[in-house]
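Below is one structure, written out as structure tokens; the observations come after it.
The values are calculated or read from the model by the stated rules, or taken from the named source; none is laboratory data. In this text, all values refer to a predicted model and were calculated from it rather than measured experimentally. Positions of Cβ are backbone-derived with ideal geometry, glycine not excepted, and every protein chain shown enters the neighbour counts.
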Amino acid sequence: MLGLKLPTDPRWVNIVEKNIEEILTDHAYCEQKATTNSINLIIHFPEYPDLVDAMLELAKEELDHFQQVHEKIKERGYTLGRERRDDYVFELNSFIRKGFTKNYVLIDKLLFSALVEARSCERFKVLSENINDADLREFYHRLMVSEANHYTMFLGFARKYAGDIDVEKRWQEFLEFEAEVIKKYGNKETVHG
């Protein structure tokens with residue numbers, strides 16, 4: 001369903017389980033960045049009322065997810081650490097075309113967003129199926145379903161507003177690029193790391 005070319009090795013969960021505090025802090029900031037991404041789409045593309053409405057709802061949902069992760073952090077006696085740089089997202093962002101018409105940028109930003117949500121969904125699935133902590137297994141299963149909905153929503157908007165852009169071709173290009181990027185990750189206790 002997600003179309004990702006390179007699946008996460010389930011052994012990644014062994015790394016995660018050695019530092020639950022780190023994965024939770026990183027996850028919290030992923031939710032914060034997803035909130036910011038939604039708001040940025042509103043700021044840059046206000047001429048699409050249905051996109052604005054969807055991004056408003058998404059920003060609220062992502063902020064709620066941040067709060068849920070923060071609660072998990074506190075329940076375990078941890079403290080939210082400092083924000084971490086997400087190198088995976090940074091590299092993926094470099095694939096967004098620069099210097100093109102606004103519509104090309106919109107489509108690329110929507111596809112970028114879909115891809116980040118797809119990888120997060122896939123990582124949450126791996127966690128929900130492999131982590132020993134029963135509470136986190138159920139928590140990540142719920143969030144996996146949510147991320148899948150976000151992924152399909154972003155793809156839907158890209159297809160809706162594509163105009164003369166071949167979205168399916170561009171989506172395949174993003175998937176191929178992401179497969180090369182993700183080869184470098186999966187060895188840290190972070191959502192995309």
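The residues in the stretch 51-90 that are acidic (Asp, Glu) and in contact (Cβ under 8 Å) with a residue 12 or more places away in the chain can be counted, and the count is 5. How many residues does the stretch 148-179 contain that are out of contact with any helix residue (DSSP H, G or I) (no Cβ under 9 Å at 6 or more places or on another chain), without any contact (Cβ under 8 Å) to a residue 60 or more places away in the chain and closer than 22 Å to Val126 by Cα? The total comes to 0. Hey, any hits in the stretch 83-91 for a residue that's modelled with pLDDT under 95 and aromatic (Phe, Trp, Tyr)? Among the residues of the stretch 83-91, at least one is modelled with pLDDT under 95 and aromatic (Phe, Trp, Tyr), which makes the answer yes. Considering the conditions (1) hydrophobic (A, V, I, L, M, F, W, C); (2) more than 13 Å from Lys109 (Cα to Cα); (3) within 18 Å of the chain's Cα centre (by Cα), Phe157 is excluded by exactly one of them, (2).
Table: residues versus (1) surrounded by fewer than 21 Cβ atoms within 10 Å (Cβ to Cβ); (2) in a helix (DSSP H, G or I).
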{"site": "Met144", "(1), (2)": "yes, yes"}
{"site": "Gly156", "(1), (2)": "yes, yes"}
{"site": "Asp164", "(1), (2)": "yes, no"}
{"site": "Arg170", "(1), (2)": "yes, yes"}
{"site": "His192", "(1), (2)": "no, no"}
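One residue stands out in the stretch 7-65 among those that are modelled with pLDDT of 95 or more and not in a helix (DSSP H, G or I): the one that is farthest from the chain's Cα centre (by Cα), namely Glu47. Contact map, the stretch 11-26: first residue touching a residue at least 40 places away in the same chain (Cβ under 8 Å), second residue assigned to a helix (DSSP H, G or I) and of a type in the set (Lys, Arg), Cβ cut-off under 8 Å, separation 6 or more or different chains; pairs are Trp12/Arg123; Leu24/Lys72.
Can you say whether Gly99 is over 22 Å from Leu143 (Cα atoms) and not aromatic (Phe, Trp, Tyr), as far as the supplied structure shows? Spelling it out, Gly99 is indeed over 22 Å from Leu143 (Cα atoms) and not aromatic (Phe, Trp, Tyr). Being crowded, with 20+ Cβ neighbours inside 10 Å and at pLDDT 95 or above is a property that Phe112 has. Evaluate the following for Glu129: is it touching a residue at least 60 places away in the same chain (Cβ under 8 Å) and surrounded by fewer than 19 Cβ atoms within 10 Å (Cβ to Cβ)? The answer is yes for Glu129.
Hey, any hits in the stretch 83-99 for a residue that's under 18 Å from Gly193 (Cβ atoms) and hydroxyl-bearing (Ser, Thr, Tyr)?
Yes, the stretch 83-99 has at least one match.
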